[in-house]
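Worksheet: one structure, shown below.
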Amino acid sequence: MNYSADRPVEDIHLEGSTGIDGLVRQMEASGGFNAKHVGEAVDILERMVRDPECVVFLSFPACIIATGARGLIRDLVKSGSADVLITTAGMLDHDLARSWEDYYHGTFAADDAELREQGINRLGNVFVPNESYGIILEKKMQPVLAELYEQGGGRWSTRQLCSEFGKRVGSEESILHWAAQKDVPVFVPGPTDGAFGCQVWMFYQDHRDVCFDLLADEQELSDIVYGAKKTGALMIGGGISKHHTIWWNQFRDGLDYAIQISTAPESDGSLSGARVKEAVSWGKVRADARYITVEGDATVVLPLMVGALLERLR
């Protein structure tokens, strides 16, 4: 345990024009709880993004893409601050659906039976009308799948499908659009767990040779990991996207930089709740890595972190 008798706790002062990075630096200097962790996390994030030898992984779940936090992921990709994305099928659902239709402000206290009658799906305090989700995805996706099938058959890796939809989504608000523009691979290890995968399954009903080539994804991930001199990861939440990130990095003896944002408790033994330091015991994060876990809601923490990072990079 490090002890520094020559570094006192400092108060945060908000007078004047502080700026996001200025605030985050004060949070780190405040020495207090997760405020300090946010500041330390931005320092690690900046270091790994600026490291020319480091391949930066960004893993995240679907839920935040239904909110304005989608723009933060998009801006990380657009700014060149992420080299590889690992996510879930629902992320594709929300990114594509919101590129074509709107989601709306709602409330956690809504009457869900009443919403069901109105054709509105509730995602926390976000309202997702049927026409903004399944209906628009079917309308837009089926022609693209037919086009891709005609061009080269139906054996698709998730990286390939994400790139092809990114080229066609037609919205600069889209994460997939910028990933395609920047040639950032997007991997979805559980592609059937959402509306995107369901649309592919529907296409499969009339095209029985269609399949997800998940092993092609794994081969490309293997090439990325084994070819990297260093790796780092910003992991939002947990689940399959976090695990796939640390799983592959164990084969190069672990990440050199690692940041996790999570609200999950450690005591239930879940991967979402597991702190980054637990991954050291598995060889998924190096013992001498720069790493930290920030406990907090990503929709609150991430704007501070990404805002501070982009100010520093500018």
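Just so it is clear, none of the values below were taken in a lab; they were calculated from the coordinates. This structure is a prediction, so every number in the text was calculated from the model and none was measured. Methodologically, a virtual Cβ is constructed for each residue, glycine included, from the backbone with ideal geometry; neighbour enumeration extends over all protein chains shown.
Numbers for the structure displayed
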read-out	value
Lys/Arg +1, Asp/Glu -1 at C-beta; the stretch 40-144 dipole; positive extreme among W100, F60, P129	W100
Distance histogram in 10 Å bins (all Cα pairs of the stretch 190-286, percent per bin)	15, 37, 28, 17, 4
Computed E for Q250/D51 - FRET, C-beta separation, R0 25 angstrom, nearest 0.05	0.80
Stokes-Einstein translational diffusion, the stretch 225-270 - Kirkwood Rh over all Cα pairs, 1.306 mPa s, 10 °C, in µm²/s	139 µm²/s
Check: the stretch 221-304 dipole with +1 on Lys, Arg Cβ and -1 on Asp, Glu Cβ, in debye	300 debye
Percent of Cα pairs exceeding the 32 Å cut-off, where the set is the chain	30 percent
Relative exposure of H177, H13, judged by other C-beta atoms within 10 Å (fewest first)	H13, H177
Approximate spin-label separation S30-Q205, in nm, with each point projected 7 Å along Cα-to-Cβ	5.4 nm
Alpha-carbon gyration tensor eigenvalues x 5, square-rooted, for the stretch 122-161, Å	28, 13, 5
Relative counts (whole %) of C-alpha pair distances in the stretch 42-194, using bins that are 10 Å wide	10, 37, 32, 16, 4, 0
Square roots of five times the Cα gyration tensor eigenvalues for the stretch 112-250, Å	28, 21, 15
Q219-I135 pseudo-label distance in nm [points 7 Å out on the Cα-to-Cβ vector]	4.2 nm
Residue of A258, A29, A179 that the Gaussian network model of the chain assigns the largest fluctuation, springs spanning Cα pairs under 10 Å	A29
